[in-house]
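Chemist: Once you've had a glance at the structure underneath, I'll fire off some questions.
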Amino acid sequence: MLSIKNLHASIEGTPILRGINLEVKAGEVHAIMGPNGSGKSTLASVLAGREEYEVTEGEVFFQGKELLSLSPEDRAREGVFLAFQYPIEIPGVSTTNFLRTALNQVREYRGQEPLDAVKFLSLMKEKMALVEIDQKLLSRSLNEGFSGGEKKRNEIFQMAMLNPVLSILDETDSGLDIDALRIVSNGVNKLKSDTTATIVVTHYQRLLDYIVPDFVHVLYKGRIVKSGKKELALELEEKGYDWIKEEVDSTATV
Amino acid sequence: MSKDNQILEDLNSKEYEHGWSVNFETDEAPLGLNEDIIRWISTKKEEPSWLLEWRLKAFKIWQGMTEPTWANVKYLKMDLQALRYYSAPKQSKKPKNINEVDPELIAIYERLGISLHEQKRLQGIAIDVVLDSVSVATTFKETLGKLGIVFCSFSEAVKEHPELIQKYLGSVIPMTDNYYAALNAAVFSDGSFCYIPKGVRCPMELSTYFRINAANTGQFERTLIVADDSSYVSYLEGCTAPQRDENQLHAAVVEIYAGAHAEVKYSTVQNWFPGDKEGKGGIYNFVTKRGICAGDHSKISWTQVETGSAITWKYPSCILKGDYSIGEFYSVAVTNNYQQADTGTKMIHIGKNTKSRIVSKGISAGKSQNSYRGQVQVMKRAHNARNFSQCDSLLMGNQCGAHTFPYIDIANPSAKVEHEATTSKIGEDQIFYCNQRGIATEDAVALIVNGYAKEVLNQLPMEFAVEAQKLLALTLEGSVG
Ligand SMILES: Nc1ncnc2c1ncn2[C@@H]1O[C@H](COP(=O)(O)OP(=O)(O)OP(=O)(O)O)[C@@H](O)[C@H]1O
Ligand SMILES: [Mg+2]
């Protein structure tokens, strides 16, 4: 489904991603871990099409299409969803209104009729139950004054509404309380299918207890320096990153 | 190129939607301005002599005045002698009802999306349309008449209700008030008049639609709204003009009188031709609007969405004379390309326990300049006066300007006056966030801007709010690739 080949990207001339290779197949869950500043969010942003990042080398295919040549909105309409590490506030625009605009544009792109108010509302109700989000939150200005956890839950609610093919969750667990983590993770699991894939960026095993990854990758200095099965995450939890850093830094010719 | 800049470049490409003009026969005054022209207009309108005298007096006063220069706008002075001060569509006789109105005129308004046929209007809005200088049709007259409400063109009111006109004309905005108000008093050609009797709640929105059509014509309409004690009315004003290379002058006067316990809501969606993207042409919109809360517990609320005009100079104000009276001003002013807006309000607290609220949202794009100018004045005997002002500016790009000029003048120590101001930029993050959910940039801008202006748009009657949202989007959006 997603094929990243030798991806290099820089911001304001500083290289951040320095040769990422990753294959994600339908039905899979990949976890991306790594120390602060290693480039995890950058990778997510580049895949979503943030223009501040300049792709200097490499290719990305998404369902056979050249992802990097698509506009950010077309990537979203093709089914790429990014749950932001730091969700953005839009004053005066309710989540409901925001999602209605988004959903109808996605539907239009896919040649579907816009949803009428009644159908939209019933879809909302269904997805609200999935992540146990309060209606009141959805009528407030998007993310404005939301608590950290509310923002994250709202991201997953949006994901549920838009029903993406590839979901990239950037530290969705941070800010969620223990119960919320379980609820939101279960929501994500329910949205999974044979035809969708999930990339979760996280620092902690606790999320991976719920959303069990098929593969775990460690990103360090803009490269995937280690990949393994779900056990790798447990090992990282126990030992930290130093052993990997040492391994890399001793052999690296940067 | 950053995304912001690209959006801004593309913004410029939207054409002004109402930029067409229609040729039909008109009755015109000769070019220029002098006493004879004023007599010509007055004769044409078969006015009583007191009104002619009033006009001539205003003209004298105006001749002794100079154009104000304190506003934060720059423009080449207009040659007022090169303008025409009266232009009316030629109709063989005054239409008695809509069926007698020239079909070509009806067609113009249909093109603007305004149907003059009462049965075609779903929302029950009574409407008075003013083309160039003259009121051409008023709808729903009979329905309103049964309640004793008078809603008609100004000229008609002069003939049919001279006692009301004589009592209130110039009572809120004296002819000496300012240069443009004096000019208007001398040459005004028509406009709307509305009177709501004691205790009557006007059952529908009253609306005036202004359109400038003829070239080289100044439009000087006058609106007078009188809400007698314990009455209520909501009034809407809309306007468009054709696209022309030369600037055209619009110098209107709106006066509102509210008696005890009366409430008047006045909403404007201003969409005069703003000039092209090089800054050529466009309307000079120099308007004086003022209301007086004359009675205790009265309320006047101004809501304006200003999207058009090359230059806007406009300060809808409230004189809070009655005790416990309330004045409100809600404004969204959008400027793009080379547009300049200097707009705001004056709240003059005279009575005790008077309250005022100001919410101003400026949006500047392109190379435009957008200024908020507001005055809060609390007079000596205005015990316990309250004012809250919120003035926000939203900038798109870095070639435009936003300015805030608040003046506060307090003569009573019990006053509480609060002023908040913010300036923000439309964020790349916000647009990217929308994009990431599948929303195109142009729609993202519309969404963000409408969200920003929501507090003001919420004040508008429903169907007007929808129109205003579209207009905001249209003014700011371009065909973003
Ligand atoms: N505008 C910029 N100029 C220079 N460096 C930048 C800029 N923006 C981001 N970076 C750097 O890019 C690196 C990667 O950042 P990124 O946000 O991708 O890290 P991360 O792996 O997501 O970290 P965390 O775990 O803390 O979320 C960081 O060192 C960051 O400081
Ligand atoms: Mg990060």
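Chemist: What is the stretch B:365-475's relative contact order, in percent, from Cα pairs under 8 angstrom and six or more apart in sequence? Present the calculation step by step, with values, prior to reporting the outcome.
Modeler: On the way: 143 pairs, mean separation 27.7, N = 111.
This gives 25 percent for the stretch B:365-475.
Chemist: What average count of beta carbons from other chains do you get within 10 Å of the Cβ of residues in A:86-97?
Modeler: Values: counts 1, 2, 9, 4, 11, 8, 12, 10, 2, 0, 0, 4.
Shielding by partners across A:86-97 averages 5.
Chemist: Can you bin chain A into rounded, prolate or oblate? Criterion: square roots of the alpha carbon gyration tensor eigenvalues sorted a ≥ b ≥ c, rounded for a/c under 1.5, prolate for a/b above b/c, oblate for the rest. Spell out each step's value before the answer.
Modeler: Numbers: a/c = 1.87, a/b = 1.45, b/c = 1.28.
Taking the square roots of the gyration eigenvalues as a ≥ b ≥ c, chain A is prolate.
Chemist: What relative contact order, as a whole-number percentage, does the stretch A:158-254 give when Cα pairs under 8 Å and 6 or more residues apart are counted?
Modeler: The value is 23 percent.
Chemist: Additional query: Quick one: check the C-alpha center-to-center distance for the stretch A:218-253 versus the stretch A:103-180, whole angstrom.
Modeler: 33 Å
Chemist: What lysines does A:Lys221 reach when the alpha-carbon gap must be under 29 Å and sequence neighbours fewer than 8 apart in one chain are set aside?
Modeler: Output for A:Lys221: A:Lys5, A:Lys25, A:Lys40, A:Lys65, A:Lys151, A:Lys152, A:Lys229, A:Lys230, A:Lys239, A:Lys245, B:Lys3.
Chemist: Once the convex hull of the alpha carbons of the protein assembly as shown is built, what does its volume come to per residue, in cubic angstrom?
Modeler: Numbers: hull volume 131.1 nm³, N = 735.
In the protein assembly as shown, the Cα hull volume divided by residue count equals 178 Å³.
Chemist: Still on this model: Between the alpha-carbon centers of the stretch B:38-86 and the stretch B:281-300, tell me the distance in whole angstrom.
Modeler: Each part's Cα centre sits 19 Å from the other's.
Chemist: Roughly how many percent of the accessible protein surface of the protein assembly as shown is carbon and sulfur, given a 1.4 Å probe and a whole-percent answer?
Modeler: Values: 14280 of 29280 Å².
Carbon and sulfur: 49 percent of the exposed surface of the protein assembly as shown.
Chemist: Could you state the number of Å between the C-alpha centres of the stretch B:135-201 and the stretch A:36-78?
Modeler: 62 Å
Chemist: Now a separate question. Looking at chain A as a GNM with Cα springs under 10 Å, which of A:Gly148, A:Gly49, A:Gly79 has the largest mean-square fluctuation?
Modeler: Residue with maximal mean-square fluctuation among A:Gly148, A:Gly49, A:Gly79: A:Gly148.
The values are calculated or read from the model by the stated rules, or taken from the named source; none is laboratory data. Given the structure is predicted, the values throughout are model-derived calculations rather than measurements. Every residue, glycine as well, gets a Cβ built from its backbone with ideal geometry; the counts of neighbours run over all protein chains shown. Only protein heavy atoms, including side chains, enter the accessible area calculation; ligands, DNA and RNA are left aside. Shrake-Rupley method; radii C 1.70, N 1.55, O 1.52, S 1.80 Å.
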